[in-house]
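First the structure, in the form of structure tokens, and then the observations on it.
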Amino acid sequence: MSEAQKPEWWFYHLQRTTLERAVGPLLEKCLERGWRVLAISPDASRRAALDEALWTYDDQSFLPHGQSEAEGLAADAQPILIAGTTDNQNGAAVALLMDGVELAVDAPFERCMVMFDDGDSATRQKAREQFKAAKDAGLSARYFQQRGRGWKEAGK
């Protein structure tokens, strides 16, 4: 990403399924665009659950990924890197922020995807703050709510 380019901020409000069930198709779309993804959560159990979900989410496809903590893992070779920190070890274009992870509004990514659960009020509040910060900085910020089998952009 060039220095002049600013990230898009996309927010995904989970209302029907768990994050682990919802994220597979979104990550698949990122890979189809040729984007690497850095999936960040400070919660080790979330990272383990996401790792498991990506192995099993669809019998017809494979989402190549690894956990940054895995012994002997070449983090820079992972199309999807699941990590506990924002250190972009795999040269990702997309940051997937989970569990209230904070990232500078002008972070060096093409897209920052914030996923938050309706039932987690602290993380939902953090997402609101991030949305406002992105808007205040003049960045593209889009908000999607989980509906039926997919996502519906609010206001559309």
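The values are calculated or read from the model by the stated rules, or taken from the named source; none is laboratory data. Predicted model only: the values in this text are computed from it and were never measured. Virtual Cβ from ideal backbone geometry, glycine too; neighbours counted across all protein chains shown.
Just a few scattered comments:
- Candidate set from the stretch 77-92 (those that are in a loop (DSSP other than H, G, I, E, B) and in contact with a helix residue (DSSP H, G or I) (Cβ under 8 Å, 6 or more places away or on another chain)); member that is surrounded by the most Cβ atoms within 10 Å (Cβ to Cβ): ASN90
- Qualifying residue in the stretch 40-53 (condition: of a type in the set (A, V, I, L, M), crowded, with 17+ Cβ neighbours inside 10 Å and under 18 Å from GLN130 (Cβ atoms)): yes
- Test set (1) more than 13 Å from the chain's Cα centre (by Cα); (2) assigned to a loop (DSSP other than H, G, I, E, B); (3) of a type in the set (D, E, K, R) - GLU129 fails condition number: (2)
- Every condition in (1) touching a Cys at 6+ places or on another chain (Cβ under 9 Å); (2) surrounded by fewer than 12 Cβ atoms within 10 Å (Cβ to Cβ); (3) of a type in the set (A, V, I, L, M) is met by ALA74 except one, and the failing one is (1).
- Leading residue by the ranking (farthest from TRP9 (Cα to Cα)) among those in the stretch 143-155 that are in contact with a strand residue (DSSP E or B) (Cβ under 7 Å, 6 or more places away or on another chain) and without any contact (Cβ under 8 Å) to a residue 40 or more places away in the chain: LYS152
- Flag for LYS29 being part of a helix (DSSP H, G or I) and either buried (at least 17 other Cβ atoms within 10 Å of the Cβ) or of a type in the set (D, E, K, R) (or both): yes
- For the stretch 100-126, the set of residues classified as under 20 Å from THR18 (Cβ atoms) and part of a strand (DSSP E or B) consists of MET113, VAL114, MET115, PHE116, ASP117, listed by residue number.
Per-residue answers, yes or no, for (1) within 28 Å of SER140 (Cα to Cα); (2) modelled with pLDDT under 90:
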position: HIS13; (1), (2): yes, no
position: ALA39; (1), (2): yes, no
position: SER45; (1), (2): no, no
position: ALA53; (1), (2): no, no
position: TYR57; (1), (2): no, yes
position: ALA77; (1), (2): no, no
position: THR86; (1), (2): yes, no
position: LEU96; (1), (2): yes, no
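- Boolean, PRO42 is of a type outside the set (Gly, Ala, Ser), farther than 13 Å from ARG111 by Cα and part of a helix (DSSP H, G or I): no
- Number of positions in the stretch 15-37 that are more than 13 Å from the chain's Cα centre (by Cα) and within 25 Å of ALA137 (Cβ to Cβ): 1
- From the list TRP35, TRP9, the one residue that fits, being more than 21 Å from ASP118 (Cβ to Cβ), surrounded by 12 or more Cβ atoms within 10 Å (Cβ to Cβ) and not aliphatic (A, V, I, L, M), is TRP35.
- On the stretch given as the stretch 97-142, residues that are among the β-branched types (Val, Ile, Thr), over 16 Å from LEU14 (Cα atoms) and without any contact (Cβ under 8 Å) to a residue 40 or more places away in the chain total 0.
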